[in-house]
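Visitor: Have a look at the structure that comes next, please.
The values are calculated or read from the model by the stated rules, or taken from the named source; none is laboratory data. Only a predicted model underlies this, so the values are computations on that prediction, with no experimental measurement involved. For neighbour counting, all protein chains shown are included, and Cβ atoms are generated from backbone atoms with ideal geometry for every residue, glycine included. These area figures cover heavy atoms from the full protein model, side chains too; ligands, DNA and RNA do not enter into them. Shrake-Rupley method; radii C 1.70, N 1.55, O 1.52, S 1.80 Å.
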Amino acid sequence: MSAIKQHRRAGFPWLWTALAFGYVFLYAPILSLIVYSFNESRLVTVWAGFSTRWYGELMQNEQLLSAAWLSIKVAAVAATIAVVLGTLAAMTLVRFRRQWGARSMGIMVAAPLVMPEIILGLSLLLLFMSMADLIGWPASRGQGTIIMAHVTFCMAYVTVVVQSRLAYMDASLEEAAMDLGARPLKVFFTITLPVIAPSLVAGWLLAFTLSMDDLVVASFVSGPGATTLPMVVYSSVRLGVSPQINALATIIIAVVVVAVSVAGYLMYRQDKQRTNMQ
(Lines give C-alpha, C1' and ligand atoms only; values in the text may rest on other atoms or scores of the structure.)
Protein backbone atom coordinates (compact mmCIF):
# COMPACT_ATOMS: atom_id res chain seq x y z
CA MET A 1 0.00 0.00 0.00
CA SER A 2 2.87 2.36 0.82
CA ALA A 3 4.42 1.61 -2.59
CA ILE A 4 1.20 2.72 -4.30
CA LYS A 5 1.16 5.97 -2.31
CA GLN A 6 4.79 6.64 -3.18
CA HIS A 7 4.05 5.99 -6.84
CA ARG A 8 1.13 8.45 -6.73
CA ARG A 9 3.23 11.10 -4.99
CA ALA A 10 5.99 10.64 -7.56
CA GLY A 11 3.54 11.22 -10.41
CA PHE A 12 1.79 14.15 -8.73
CA PRO A 13 4.26 16.88 -9.90
CA TRP A 14 3.99 15.62 -13.47
CA LEU A 15 0.22 15.97 -13.34
CA TRP A 16 0.49 19.55 -12.14
CA THR A 17 3.05 20.28 -14.86
CA ALA A 18 0.80 18.84 -17.57
CA LEU A 19 -2.19 20.77 -16.20
CA ALA A 20 -0.23 24.03 -16.09
CA PHE A 21 1.06 23.49 -19.63
CA GLY A 22 -2.48 22.82 -20.86
CA TYR A 23 -3.84 26.01 -19.29
CA VAL A 24 -0.95 28.08 -20.62
CA PHE A 25 -1.47 26.64 -24.09
CA LEU A 26 -5.19 27.52 -23.95
CA TYR A 27 -5.15 30.92 -22.28
CA ALA A 28 -1.83 32.48 -23.32
CA PRO A 29 -3.13 33.40 -26.81
CA ILE A 30 -6.23 34.94 -25.24
CA LEU A 31 -4.13 37.02 -22.85
CA SER A 32 -1.91 38.08 -25.75
CA LEU A 33 -4.97 39.17 -27.70
CA ILE A 34 -6.21 41.24 -24.75
CA VAL A 35 -2.81 42.90 -24.28
CA TYR A 36 -2.44 43.81 -27.96
CA SER A 37 -5.94 45.28 -28.02
CA PHE A 38 -4.40 48.18 -26.06
CA ASN A 39 -1.50 48.54 -28.49
CA GLU A 40 -0.87 51.92 -30.07
CA SER A 41 0.52 50.42 -33.28
CA ARG A 42 -1.61 49.24 -36.16
CA LEU A 43 0.62 46.17 -36.38
CA VAL A 44 -0.77 43.67 -33.89
CA THR A 45 2.60 41.98 -33.33
CA VAL A 46 4.61 45.14 -32.63
CA TRP A 47 4.14 46.86 -29.28
CA ALA A 48 4.25 50.66 -29.56
CA GLY A 49 2.78 51.74 -26.24
CA PHE A 50 -0.47 51.64 -24.32
CA SER A 51 -3.53 53.12 -25.99
CA THR A 52 -7.30 52.71 -26.16
CA ARG A 53 -7.64 54.23 -29.65
CA TRP A 54 -8.85 50.98 -31.20
CA TYR A 55 -11.81 50.81 -28.84
CA GLY A 56 -12.82 54.29 -29.97
CA GLU A 57 -12.46 53.35 -33.62
CA LEU A 58 -14.41 50.16 -32.98
CA MET A 59 -17.35 52.18 -31.69
CA GLN A 60 -17.34 54.08 -34.98
CA ASN A 61 -17.11 50.99 -37.19
CA GLU A 62 -20.68 50.58 -38.41
CA GLN A 63 -19.94 47.33 -40.23
CA LEU A 64 -18.63 45.53 -37.15
CA LEU A 65 -21.28 46.94 -34.84
CA SER A 66 -24.18 46.08 -37.15
CA ALA A 67 -22.78 42.58 -37.67
CA ALA A 68 -22.39 42.10 -33.92
CA TRP A 69 -25.95 43.29 -33.28
CA LEU A 70 -27.30 40.98 -36.00
CA SER A 71 -25.41 38.01 -34.53
CA ILE A 72 -26.80 38.74 -31.05
CA LYS A 73 -30.38 38.98 -32.35
CA VAL A 74 -30.06 35.82 -34.42
CA ALA A 75 -28.43 33.90 -31.56
CA ALA A 76 -31.07 34.98 -29.01
CA VAL A 77 -34.04 34.10 -31.24
CA ALA A 78 -32.49 30.86 -32.50
CA ALA A 79 -31.57 29.75 -28.97
CA THR A 80 -35.08 30.46 -27.66
CA ILE A 81 -36.78 28.54 -30.47
CA ALA A 82 -34.24 25.73 -30.15
CA VAL A 83 -34.99 25.40 -26.43
CA VAL A 84 -38.73 25.10 -27.06
CA LEU A 85 -38.38 22.56 -29.88
CA GLY A 86 -35.53 20.72 -28.19
CA THR A 87 -37.50 20.36 -24.96
CA LEU A 88 -40.49 18.93 -26.85
CA ALA A 89 -38.21 16.52 -28.71
CA ALA A 90 -36.47 15.46 -25.48
CA MET A 91 -39.78 14.82 -23.72
CA THR A 92 -40.99 12.77 -26.69
CA LEU A 93 -37.81 10.68 -26.76
CA VAL A 94 -37.89 10.05 -22.99
CA ARG A 95 -41.63 9.52 -22.45
CA PHE A 96 -42.23 7.48 -25.60
CA ARG A 97 -38.89 5.75 -25.93
CA ARG A 98 -40.57 2.35 -26.20
CA GLN A 99 -42.96 3.41 -28.92
CA TRP A 100 -42.50 2.52 -32.56
CA GLY A 101 -40.28 4.98 -34.40
CA ALA A 102 -38.71 6.47 -31.25
CA ARG A 103 -35.25 5.20 -32.18
CA SER A 104 -35.54 6.56 -35.71
CA MET A 105 -36.59 9.94 -34.35
CA GLY A 106 -33.66 9.94 -31.96
CA ILE A 107 -31.29 9.30 -34.85
CA MET A 108 -32.80 12.12 -36.91
CA VAL A 109 -32.65 14.55 -33.99
CA ALA A 110 -29.00 13.70 -33.29
CA ALA A 111 -27.94 13.77 -36.96
CA PRO A 112 -26.87 17.46 -36.95
CA LEU A 113 -24.44 16.67 -34.10
CA VAL A 114 -22.28 14.49 -36.35
CA MET A 115 -23.05 15.95 -39.77
CA PRO A 116 -20.31 18.17 -41.27
CA GLU A 117 -21.29 21.83 -41.26
CA ILE A 118 -20.59 22.26 -44.95
CA ILE A 119 -23.06 19.47 -45.78
CA LEU A 120 -25.66 20.96 -43.43
CA GLY A 121 -25.21 24.43 -44.90
CA LEU A 122 -25.39 23.21 -48.48
CA SER A 123 -28.51 21.12 -47.83
CA LEU A 124 -30.26 24.05 -46.15
CA LEU A 125 -29.32 26.33 -49.04
CA LEU A 126 -30.83 23.89 -51.53
CA LEU A 127 -33.94 23.60 -49.32
CA PHE A 128 -34.47 27.36 -49.17
CA MET A 129 -33.95 27.70 -52.92
CA SER A 130 -36.45 24.91 -53.63
CA MET A 131 -39.01 26.44 -51.25
CA ALA A 132 -38.60 29.82 -52.92
CA ASP A 133 -39.28 28.28 -56.33
CA LEU A 134 -42.28 26.23 -55.16
CA ILE A 135 -44.13 28.48 -52.74
CA GLY A 136 -42.28 31.79 -53.07
CA TRP A 137 -40.97 31.72 -49.50
CA PRO A 138 -38.43 32.69 -48.36
CA ALA A 139 -38.31 35.40 -51.00
CA SER A 140 -34.68 36.19 -50.16
CA ARG A 141 -31.99 34.85 -47.88
CA GLY A 142 -31.25 36.92 -44.82
CA GLN A 143 -31.86 37.07 -41.09
CA GLY A 144 -34.83 34.69 -41.21
CA THR A 145 -32.99 31.96 -43.11
CA ILE A 146 -30.01 32.23 -40.74
CA ILE A 147 -32.31 31.81 -37.74
CA MET A 148 -33.98 28.75 -39.26
CA ALA A 149 -30.62 27.21 -40.11
CA HIS A 150 -29.24 27.83 -36.61
CA VAL A 151 -32.36 26.37 -35.01
CA THR A 152 -31.81 23.21 -37.06
CA PHE A 153 -28.50 22.29 -35.45
CA CYS A 154 -28.90 24.08 -32.11
CA MET A 155 -32.06 22.08 -31.38
CA ALA A 156 -30.01 18.86 -31.46
CA TYR A 157 -27.69 20.09 -28.71
CA VAL A 158 -30.59 21.31 -26.58
CA THR A 159 -32.34 17.95 -27.00
CA VAL A 160 -29.30 16.05 -25.74
CA VAL A 161 -28.91 18.33 -22.69
CA VAL A 162 -32.58 18.26 -21.69
CA GLN A 163 -32.95 14.55 -22.45
CA SER A 164 -30.12 13.69 -20.07
CA ARG A 165 -31.92 15.57 -17.28
CA LEU A 166 -35.34 14.09 -18.01
CA ALA A 167 -33.93 10.56 -18.09
CA TYR A 168 -32.93 10.82 -14.40
CA MET A 169 -36.04 12.67 -13.25
CA ASP A 170 -38.24 10.88 -10.74
CA ALA A 171 -41.48 10.16 -12.60
CA SER A 172 -43.33 9.52 -9.33
CA LEU A 173 -43.47 13.28 -8.70
CA GLU A 174 -45.57 13.82 -11.82
CA GLU A 175 -47.68 10.75 -11.10
CA ALA A 176 -48.41 11.97 -7.57
CA ALA A 177 -49.47 15.39 -8.89
CA MET A 178 -51.82 13.83 -11.44
CA ASP A 179 -53.26 11.52 -8.76
CA LEU A 180 -54.12 14.64 -6.79
CA GLY A 181 -56.10 16.00 -9.74
CA ALA A 182 -53.57 18.18 -11.56
CA ARG A 183 -53.89 18.32 -15.32
CA PRO A 184 -50.87 17.38 -17.50
CA LEU A 185 -50.23 20.99 -18.49
CA LYS A 186 -50.21 22.14 -14.87
CA VAL A 187 -47.98 19.23 -13.92
CA PHE A 188 -45.51 20.30 -16.56
CA PHE A 189 -45.35 23.93 -15.41
CA THR A 190 -45.36 23.22 -11.66
CA ILE A 191 -43.35 19.99 -11.44
CA THR A 192 -41.42 19.19 -14.61
CA LEU A 193 -40.34 22.67 -15.65
CA PRO A 194 -38.71 23.67 -12.32
CA VAL A 195 -36.83 20.35 -12.24
CA ILE A 196 -35.41 20.69 -15.75
CA ALA A 197 -34.90 24.48 -15.54
CA PRO A 198 -31.08 24.22 -15.10
CA SER A 199 -30.84 22.07 -18.22
CA LEU A 200 -32.99 24.57 -20.13
CA VAL A 201 -30.68 27.41 -19.13
CA ALA A 202 -27.62 25.33 -20.05
CA GLY A 203 -29.18 24.40 -23.39
CA TRP A 204 -30.06 28.02 -24.15
CA LEU A 205 -26.55 29.22 -23.35
CA LEU A 206 -25.04 26.43 -25.44
CA ALA A 207 -27.32 27.19 -28.38
CA PHE A 208 -26.60 30.93 -28.08
CA THR A 209 -22.86 30.29 -28.12
CA LEU A 210 -23.06 27.92 -31.09
CA SER A 211 -25.15 30.41 -33.04
CA MET A 212 -22.80 33.30 -32.28
CA ASP A 213 -19.81 31.17 -33.29
CA ASP A 214 -21.22 29.75 -36.53
CA LEU A 215 -19.52 30.72 -39.76
CA VAL A 216 -19.94 27.88 -42.27
CA VAL A 217 -23.72 27.43 -42.15
CA ALA A 218 -24.39 31.18 -42.02
CA SER A 219 -22.17 31.70 -45.07
CA PHE A 220 -24.43 29.39 -47.09
CA VAL A 221 -27.83 30.68 -45.99
CA SER A 222 -27.16 34.40 -45.57
CA GLY A 223 -27.85 37.06 -48.17
CA PRO A 224 -26.19 40.33 -49.20
CA GLY A 225 -28.02 42.31 -46.51
CA ALA A 226 -27.32 39.92 -43.62
CA THR A 227 -23.71 39.49 -42.53
CA THR A 228 -22.99 37.99 -39.14
CA LEU A 229 -20.04 38.87 -36.93
CA PRO A 230 -18.00 35.70 -37.67
CA MET A 231 -18.37 36.38 -41.40
CA VAL A 232 -17.10 39.95 -41.02
CA VAL A 233 -14.21 38.86 -38.78
CA TYR A 234 -13.23 36.07 -41.16
CA SER A 235 -13.27 38.35 -44.20
CA SER A 236 -11.19 40.98 -42.42
CA VAL A 237 -8.69 38.51 -40.98
CA ARG A 238 -7.91 37.17 -44.44
CA LEU A 239 -6.51 40.61 -45.29
CA GLY A 240 -4.65 40.92 -41.98
CA VAL A 241 -5.69 41.07 -38.34
CA SER A 242 -6.99 44.51 -37.43
CA PRO A 243 -6.49 45.87 -33.89
CA GLN A 244 -10.22 46.58 -33.86
CA ILE A 245 -10.82 42.82 -34.01
CA ASN A 246 -8.65 42.44 -30.91
CA ALA A 247 -10.67 45.14 -29.16
CA LEU A 248 -13.96 43.49 -30.12
CA ALA A 249 -12.71 40.09 -28.95
CA THR A 250 -11.60 41.62 -25.64
CA ILE A 251 -15.07 43.08 -25.06
CA ILE A 252 -16.68 39.71 -25.80
CA ILE A 253 -14.26 37.96 -23.42
CA ALA A 254 -15.06 40.50 -20.69
CA VAL A 255 -18.80 39.95 -21.11
CA VAL A 256 -18.34 36.16 -20.96
CA VAL A 257 -16.16 36.38 -17.85
CA VAL A 258 -18.72 38.57 -16.07
CA ALA A 259 -21.61 36.27 -17.05
CA VAL A 260 -19.74 33.14 -15.91
CA SER A 261 -18.72 34.81 -12.66
CA VAL A 262 -22.27 35.87 -11.87
CA ALA A 263 -23.60 32.40 -12.71
CA GLY A 264 -20.93 30.77 -10.55
CA TYR A 265 -21.73 33.09 -7.64
CA LEU A 266 -25.46 32.35 -7.89
CA MET A 267 -24.78 28.60 -7.99
CA TYR A 268 -22.50 28.95 -4.97
CA ARG A 269 -25.21 30.78 -3.05
CA GLN A 270 -27.80 28.14 -3.91
CA ASP A 271 -25.49 25.33 -2.81
CA LYS A 272 -24.72 27.18 0.41
CA GLN A 273 -28.41 27.72 1.16
CA ARG A 274 -29.10 24.06 0.43
CA THR A 275 -26.34 23.02 2.79
CA ASN A 276 -27.63 25.30 5.56
CA MET A 277 -31.17 23.94 5.17
CA GLN A 278 -29.88 20.39 5.54
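Visitor: Can you list residues from other chains, or at least 5 along the same chain, whose modelled amide H is less than 5 Å from the amide H of Asn39?
Guide: It is Ser51, by chain and number.
Visitor: Residue by residue, what Karplus-based ³J(HN,Hα) values in Hz, rounded to whole numbers, does the range 29-44 have, using 6.51, -1.76 and 1.60 with θ = phi - 60° and x for Gly and Pro?
Guide: x, 5, 5, 4, 4, 5, 4, 6, 6, 9, 7, 6, 6, 6, 7, 6
Visitor: Give me the one-decimal nm value for the distance between modelled label points at Gln99 and Ile34, 7 Å along each residue's Cα-to-Cβ direction.
Guide: Roughly 5.0 nm, to one decimal.
Visitor: Give me the one-decimal nm value for the distance between modelled label points at Ile252 and Ile119, 7 Å along each residue's Cα-to-Cβ direction.
Guide: Here the answer is 2.7 nm between the modelled labels.
Visitor: Would you work out the charge dipole size for the range 13-148 about its Cα centre, treating the Cβ of every Lys and Arg as +1 and the Cβ of every Asp and Glu as -1, and quote it to the nearest 20 debye? Please list the in-between numbers first.
Guide: On the way: 8 positive and 5 negative charges, 128 e Å.
Dipole size: approximately 620 debye.
Visitor: Right, something else. Where does the range 125-246 land on the Kirkwood hydrodynamic radius, alpha-carbon pairs, in angstrom? Each step should come with its number before you reach the end.
Guide: Working: mean 1/r = 0.0567 Å⁻¹.
Kirkwood radius, the range 125-246: 17.6 Å.
Visitor: From the phi of every residue in the range 183-194, what ³J(HN,Hα) in whole Hz does the Karplus formula 6.51 cos²θ - 1.76 cosθ + 1.60 yield, where θ is phi - 60° and glycine or proline is x?
Guide: Residue by residue, the range 183-194 yields 6, x, 5, 5, 4, 5, 6, 9, 10, 5, 4, x Hz.
Visitor: Separate question: Kindly report the accessible area of the range 128-227 per residue (heavy atoms of protein chains, probe 1.4 Å, no ligands, DNA or RNA), in Å².
Guide: Working: 5490 Å² over 100 residues.
That works out to 55 Å² per residue.
Visitor: Using the alpha carbon gyration tensor of the chain, what are the three equivalent-ellipsoid semi-axes (square root of 5 times each eigenvalue), largest first, in whole Å?
Guide: Details: eigenvalues 284, 212, 75 Å².
Semi-axes from the Cα gyration tensor: 38, 33, 19 Å.
Visitor: Right, something else. Between Ala171 and Leu134, what is the spin-label point distance in nm, taking each point 7 Å from the Cα along the Cα→C-beta axis?
Guide: 3.7
Visitor: Something else: Mind grabbing the accessible area of Phe188 for me, 1.4 Å probe, Å², rounded to tens?
Guide: We get 50 Å² for Phe188.
Visitor: Now, a different point. Filter the trypsin sites (Lys or Arg not before Pro) in the range 208-278 down to the DSSP loop ones having no more than 12 other Cβ atoms within 10 Å, then list what survives. Don't jump to the answer; show the numbers that get you there.
Guide: Working: sites: Arg238, Arg269, Lys272, Arg274; in loops: Arg238.
Answer in residue order: Arg238.
Visitor: Oh, and also: Show the residues, 5+ positions off or on another chain, whose built amide H is closer than 5 Å to the amide H of Gly223.
Guide: Correct list: Gly142.
Visitor: Still on this structure, please answer the following. If packing is taken as the average count of other Cβ atoms within 10 Å, what order do 66-78, 190-202, 91-103 fall into, highest mean first? Intermediate values should be presented prior to the final figure.
Guide: Values: 66-78: 18.9, 190-202: 15.5, 91-103: 13.3.
Descending mean neighbour count gives 66-78, 190-202, 91-103.
Visitor: Mind giving me the FRET efficiency for Tyr234 and Leu205? R0 is 25 Å, r the Cβ-Cβ distance, nearest 0.05 is fine.
Guide: Working: r = 24 Å, r/R0 = 0.94.
Taking R0 as 25 Å, the efficiency between Tyr234 and Leu205 is 0.60.
Visitor: Once the piece of chain linking Asp213 and Ser41 is laid out straight, how much longer is it, given 0.36 nm per residue of separation minus the C-alpha distance between them? Before the final figure, lay out each step's value.
Guide: Numbers: separation 172, 0.36 × 172 = 61.92 nm, distance 2.80 nm.
Taking 0.36 nm per residue and subtracting the Cα distance, the gain is 59.1 nm.
Visitor: Roughly how many percent of the accessible protein surface of the chain is carbon and sulfur, given a 1.4 Å probe and a whole-percent answer? Write out the running numbers ahead of the final one.
Guide: Values: 12510 of 18180 Å².
In the chain, the share of accessible area belonging to carbon and sulfur is 69 percent.
Visitor: For the charge dipole of the chain, defined by +1 on Lys and Arg C-beta atoms and -1 on Asp and Glu C-beta atoms about the Cα centroid, which residue among Val77, Val237, Gly264 has the Cα displaced farthest towards the positive pole?
Guide: My answer, from the dipole projection, is Gly264.
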